[in-house]
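Asks: So that we are looking at the same thing, I have put the structure below in structure tokens.
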Amino acid sequence: MSRQPALWPAPDAFLRSERPDQPVLFFCPATLAATYQRFRDGFPGQVTYAVKANDRGEVLENLSSLGMTAFDVASPKEMRAVRRAARGAVLHYNNPVRSEAEIQEAADLGVASYSVDCPSELTKLQGVVPAGTEVSARLKLPVAGAAYDFGSKFGAGEASCAELLRAIAAAGYRPALTFHPGTQCDAPEAWGAYIDAAARVAQAAGTRLWRLNVGGGFAAHRGGRAPDLEVIFEMVRRRTTAAFGAAAPALVCEPGRAMVADAFALAVRIKAIRDRDGAVFLNDGIYGALAEAPVLGAIERFAVMGPDGALRQSASQPRTIFGPTCDSLDKLPDALAFPGDAREGDYVIFQGMGAYSTATVTHFNGYGHILMTTVNGLV
């Protein structure tokens, strides 16, 4: 059951009635519930949520009410957000680099699991984090298939991870492994390669893993065909059995983007269409909810609707899209195919906008104030 009552049947009803002149994010608890169910039914282990993707209280509260009992957190602020929304939830702190103050606060808040990617970070935990706590060595590999790779910032190679595992066990912690195949990863073989490497690391360390965290990285639907998450789930299941056999560790995953993206749609308004070249100016851009566009490309799942609710459906034309600020960098990286009859004052409704839309928004130039409302459905 949703913890957030739906105020409107769908975005078009709200836009027709309210005619907002600022961006609006529409949250659909039913879509979030369906996505959670998909992970719970398909993934062969514990499903957690990476709070960094969207830390809003209604997201955390709904996931908790659906049965999620553990959350991946990257900072004390995220820990406190989870504690407010789901008081008894288990906290996994898998940001592998922390200050001493952050570690102390994590220990005070009862964090149950940590990760490290070098000996000095393990040393910081000792004496503060109780013995018997799960500590994962974070593995990195040169594996393709993601929009961008986290390995340039976090993680250790196989030999270093084996050494870390031995040190974790020697320090009295429960040894585990974790990895992240990279953002928007749509290559199931990336998980397979990491799982095979994890088995080699455990064997080299002479350690049985308490648990294997196969990370986030699950792709959200931004354009074209929707990602087939079940293929990845089956890859994880099959390769874990093949690589570890009877010594297979318990599995955990930490989807963020893929869990929450489809539960939100973003409506922005066309401020202007320039006479000389047809460029479109929106009331939101890369300093707002569209912040990921320069890295991942613009969302291709969108519709243009008049203030009366009528969809614009004439032949499309490629348009340069600018945001509202006075910065010339505030521009989507690729032209979007807008219907030729799009007009100033129309709304552009982007689907799949639940991840990193509220989390990275700024208030540059006085923009960035985004309305939020709840709907029964997003189309």
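Laboratory data are not the source of any read-out in this text; all were calculated from the coordinates shown. These figures come from a predicted structure and were not determined experimentally. As a convention, Cβ positions derive from the backbone with ideal geometry for all residues, glycine included, and neighbour counts pool all protein chains shown.
Asks: Relative to the longest principal axis of the chain, what angle (0 to 90°, nearest 10) does the C-alpha long axis of helix 29-42 take?
Replies: Once rounded, the angle reads 30 degrees.
Asks: Now for a different question. Throw me the Rg/Rh for the range 272-379, computed over C-alpha atoms with Kirkwood Rh, two decimals. Working shown, then result.
Replies: On the way: Rg = 13.6 Å, Rh = 14.5 Å.
Result for the range 272-379 is an Rg/Rh of 0.94.
Asks: A further question on this structure: Enter the Cα centre distance for the pair the range 1-65 and the range 277-309, rounded to the nearest angstrom.
Replies: 21 Å
Asks: Tell me the label-point distance for the pair A337, M372, using the 7 Å Cα-to-Cβ offset, in nm and rounded to one decimal.
Replies: Between A337 and M372, the label points sit 3.4 nm apart.
Asks: Just add up the charged neighbours of A293: K/R +1, D/E -1, any other residue whose Cβ is under 12 Å from the Cβ of A293. Before the final figure, lay out the partial values.
Replies: On the way: positive: R222, K331; negative: D284, E292, E300, D330, D334.
Local net charge: -3.
Asks: In terms of the Cα gyration tensor, with a ≥ b ≥ c the square roots of its eigenvalues, is the range 157-257 rounded because a/c is under 1.5, prolate because a/b exceeds b/c, or oblate?
Replies: Values: a/c = 2.51, a/b = 1.98, b/c = 1.26.
Judged from the Cα gyration tensor, the range 157-257 comes out prolate (a/c at least 1.5, a/b above b/c).
Asks: Go ahead and collect, in residue order, the members of the range 354-376 whose backbone nitrogen is under 17 Å from a label point 7 Å along the Cα-Cβ direction of D327.
Replies: 357-370
Asks: A follow-up question, please. To the nearest 20 Debye, how big is the dipole of the range 174-300 about its Cα centre, given +1 on the beta carbon of each Lys and Arg and -1 on that of each Asp and Glu? Write out the running numbers ahead of the final one.
Replies: Numbers: 14 positive and 13 negative charges, 79 e Å.
Value, rounded to 20: 380 debye.
Asks: For helix 188-205, report the angle its Cα long axis makes with the longest principal axis of the Cα atoms of the chain; keep it between 0 and 90° and round to the nearest 10°.
Replies: 20 degrees
Asks: Another question, if that's okay. Give me the percent of Cα-Cα pairs in the range 1-144 that sit more than 20 Å apart, rounded to a whole number.
Replies: Values: 5866 of 10296 pairs.
So the pairs more than 20 Å apart make up 57 percent of the total in the range 1-144.
Asks: Shifting gears a bit: Among A107, A50, A33, flag the residue with its Cα farthest along the positive direction of the charge dipole of the range 1-130, charges on Cβ as +1 for Lys/Arg and -1 for Asp/Glu.
Replies: With unit charges placed on the Cβ atoms, the residue in question is A33.
Asks: Would you mind telling me the antiparallel percentage of the DSSP bridges in the chain, rounded to 5?
Replies: Values: 23 of 57 bridges.
Of the beta bridges lying entirely in the chain, close to 40 percent run antiparallel.
Asks: Give the residue from T183, F71, L139 lying farthest towards the positive end of the charge dipole for the range 29-260; charges sit on Cβ (+1 for Lys and Arg, -1 for Asp and Glu) and the dipole is referred to the Cα centre.
Replies: Farthest towards the positive pole: F71.
Asks: Label point 7 Å out from I273 along Cα-to-Cβ: which residues of the range 341-374 have amide N under 18 Å?
Replies: Taking a point 7 Å out along Cα→Cβ of I273, the residues of the range 341-374 whose backbone N falls under 18 Å are 341-350.
Asks: Residue-wise, which Karplus ³J(HN,Hα) couplings in Hz belong to the range 206-219, taking 6.51 cos²θ - 1.76 cosθ + 1.60, θ = phi - 60°, and x for glycine or proline?
Replies: Using θ = phi - 60°, the values come out as x, 10, 8, 6, 5, 7, 10, 9, 8, x, x, x, 4, 6 Hz.
Asks: Taking H placed 1.01 Å from N in the peptide plane, check which residues at least 5 places from F338 or on another chain put their amide H under 5 Å from its amide H.
Replies: Long-range HN contacts for F338: Q317, R319.
Asks: At q = 0.18 Å⁻¹, what is the base-10 log of I(q)/I(0) for the range 53-113 according to the Debye formula with one equal point scatterer per Cα and no solvent? Please give it to two decimals.
Replies: -0.56
Asks: Let me ask something else. Using 0.36 nm times the number of residues separating E230 and S17, minus their current alpha carbon distance, what extension gain do you get? Write down the numbers at each step before the final one.
Replies: Numbers: separation 213, 0.36 × 213 = 76.68 nm, distance 3.93 nm.
Stretched out fully, the E230 to S17 stretch lengthens by 72.8 nm.
Asks: Charges at C-beta only: +1 for Lys and Arg, -1 for Asp and Glu. How large is the resulting dipole of the range 29-260 about its Cα centre, in Debye rounded to 20? Numbers along the way, then the final one.
Replies: Working: 25 positive and 23 negative charges, 36 e Å.
The calculation lands at about 180 debye.
Asks: With only alpha-carbon atoms counted, please give the Rg and Dmax of the range 1-67, in Å.
Replies: 14.3, 45
Asks: Mind pulling the angle between the C-alpha long axis of helix 57-66 and the longest principal axis of the chain? Nearest 10 degrees, somewhere in 0 to 90.
Replies: Between helix and principal axis, roughly 60 degrees.
Asks: Mind listing the phi-derived Karplus ³J(HN,Hα) values for the range 345-356, rounded to whole Hz, using 6.51, -1.76 and 1.60 with θ = phi - 60°, and x for any glycine or proline?
Replies: For the range 345-356, the Karplus curve yields x, 5, 10, 10, 10, 9, 8, x, 10, x, 9, 6 Hz.
Asks: Tell me, what is the FRET efficiency for Q313 and T69 to the nearest 0.05, using R0 = 45 angstrom and their Cβ-Cβ distance as r?
Replies: On the way: r = 45 Å, r/R0 = 1.01.
So the FRET efficiency works out to roughly 0.50.
Asks: Another question, then. Computed from the mean reciprocal separation of all distinct C-alpha pairs, what Kirkwood hydrodynamic radius does the chain have, in Å?
Replies: Taking every pair of different Cα atoms in the chain, averaging 1/r and inverting gives 21.9 Å.
Asks: Here's a follow-up. In the structure shown, do any of K52/K124; K52/K77; K271/K331 have a Cα-Cα gap over 21 Å, and if so which?
Replies: Numbers: K52/K124 23 Å; K52/K77 10 Å; K271/K331 14 Å.
Too far apart for the 21 Å limit: K52/K124.
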